[in-house]
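The values are calculated or read from the model by the stated rules, or taken from the named source; none is laboratory data. Keep in mind the model is a prediction, meaning the values are calculated, not measured. Neighbour counts are summed over all protein chains in view; Cβ atoms, including those assigned to glycine, are modelled from backbone coordinates with ideal geometry. Surface accessibility is based on the protein's heavy atoms, side chains included, excluding ligands, DNA and RNA. Shrake-Rupley method; radii C 1.70, N 1.55, O 1.52, S 1.80 Å.
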Amino acid sequence: MSQAERTASENAIKTTVLDYFEGWWTGDQIRMERALHPDLAKRSLMKDGLSLDQDTAASMIDLTARGAGRRHAGDRIEELVFFEVDETMATVKVRTGVYLEYLHLVRLREGWKILNALWRAM
């Protein structure tokens, strides 16, 4: 991948990440749906240290539409780290004032989509 291709991919990935977080914070289900792969697996370790909190694309879109993320409407992305980017997949870390998330993205014909998310509250 050339530097120009990598820069273009990183810009497109950043747009996807912004759709995901800003869609959540503003209750914009269209942006959330645009950001997610239909087979999204989003997980977080529960406080018991054993169980997982799990969400799907459908549940995230529904929660977004119901405004679940609006309680953190003032939150912003503080750090976005591109760990790996190639032609069809990427791994990024996103830190906000409220969340830390590790995202795996895949590049489809229509653009970059979040396939997996591992997260915790800050």
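Brief remarks on what is shown
- Qualifying positions in segment 1-25 - open to solvent by 80 Å² or more (accessible area, probe 1.4 Å) and modelled with pLDDT of 95 or more: N11, K14
- Filter pass, T91 being out of contact with any Phe, Trp or Tyr (no Cβ under 9 Å at 6 or more places or on another chain), surrounded by 14 or more Cβ atoms within 10 Å (Cβ to Cβ) and among the polar types (S, T, N, Q): no
- Whichever residue in segment 41-55 is open to solvent by less than 70 Å² (accessible area, probe 1.4 Å) and polar (S, T, N, Q) and, among such residues, is nearest to L115 (Cα to Cα): S44
Here's the yes/no breakdown for (1) assigned to a helix (DSSP H, G or I); (2) without any contact (Cβ under 8 Å) to a residue 12 or more places away in the chain; (3) within 16 Å of L108 (Cα to Cα):
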site: I13; (1), (2), (3): yes, no, yes
site: R31; (1), (2), (3): yes, no, no
site: K47; (1), (2), (3): no, yes, no
site: D53; (1), (2), (3): no, yes, no
site: R71; (1), (2), (3): yes, yes, no
site: T91; (1), (2), (3): no, no, yes
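- Within segment 105-122, at least one residue is at pLDDT below 95, loosely packed, with under 14 Cβ neighbours inside 10 Å and part of a strand (DSSP E or B).
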